[in-house]
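Below is one structure, written out as structure tokens, with a few remarks after it.
The values are calculated or read from the model by the stated rules, or taken from the named source; none is laboratory data. This one's a predicted model, so the numbers in the text were calculated from it and none came from an experiment. With ideal geometry, Cβ positions are generated from the backbone for all residues, glycine too; neighbour counts draw on all protein chains shown.
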Amino acid sequence: MNFCKIDPSDIDRRQIYRLMVGTIVPRPIAWVSTISAAGHANLAPFSFFTAVSHAPPMVSISVGTRENEQKHTTRNILETMGYVIHVVVNGMEEQMSVCAGNFSREVNEFEEAGLESVPSDLVHAPRIAKAPVAMECCFRSVITNGFNGDQTNLVIGEVIRWHIREDILVEGKYIDPVVLEPVGRLAGNHYCRTQDVFEMQRPDRKPGQMASR
């Protein structure tokens with residue numbers, strides 16, 4: 001079997017991006033709502049998104065730049081210090097895709113996508129009313145990588161409140177992935193639905209025992 005050997009130093013940034021998004025799959029999608037200091041709401045999806053820690057609960061999103069300027073999401077978070085991350089699920093993927101458009105800062109993506117917004121409890125940014133899972137986050141830090149003209153901001157925040165639809169919770173503790181039906185990001189225009197879910201028992205746990213660490 002033959003393999004291609006590729007070094008990042010031998011290819012351009014676009015090809016690096018293609019390999020990254022084609023290799024790291026599927027990726028969860030952070031559907032992030034923010035608000036500017038002037039009161040303009042913004043809603044945008046990001047698939048470079050992951051958990052950082054659980055104690056305290058910290059999450060990160062990686063936000064690039066556009067035309068050498070910070071994207072609206074980064075600017076809004078730095079201005080108002082709070083934001084909301086929603087889980088993208090079956091039935092909401094088309095509306096999420098609308099929010100990926102390149103709109104001006106004054107445009108409200110909630111309205112563009114036909115989404116009802118409701119006030120959050122602890123942060124200024126509104127949240128999607130029908131999203132089955134939403135996490136209100138407080139900004140903690142940003143790490144800027146890259147050089148002028150090609151920078152990425154790794155934004156880290158602390159989850160300070162969850163909003164979870166009751167039918168998704170099992171015993172008030174666990175989120176049922178089958179009921180949640182999250183949508184994942186692949187490469188290019190490809191996405192995936194988690195409809196083929198299976199269980200596999202770790203050898204060091206008794207049947208039915210959930211992870212606790």
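Data overview
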quantity	calculated
Output for the stretch 5-37, where each listed residue is without any contact (Cβ under 8 Å) to a residue 40 or more places away in the chain, closer than 24 Å to Met96 by Cα and not in a helix (DSSP H, G or I)	Ile24
Among residues of the stretch 147-175, those that are surrounded by fewer than 13 Cβ atoms within 10 Å (Cβ to Cβ) and over 18 Å from Phe49 (Cβ atoms), counted	11
Unmet requirement for Thr144, which otherwise passes all of (1) modelled with pLDDT of 95 or more; (2) under 13 Å from Ile61 (Cα atoms)	(1)
Of all residues making up the stretch 86-108, the number that are in contact (Cβ under 8 Å) with a residue 60 or more places away in the chain and within 16 Å of the chain's Cα centre (by Cα)	8
Selection from the stretch 125-146 of residues that are in contact with a Ser or Thr (Cβ under 7 Å, 6 or more places away or on another chain) and surrounded by fewer than 19 Cβ atoms within 10 Å (Cβ to Cβ)	Ala129, Asn145, Gly146
Test: Met20 is farther than 17 Å from Trp162 by Cα, surrounded by 21 or more Cβ atoms within 10 Å (Cβ to Cβ) and of a type outside the set (Val, Ile, Thr)	no
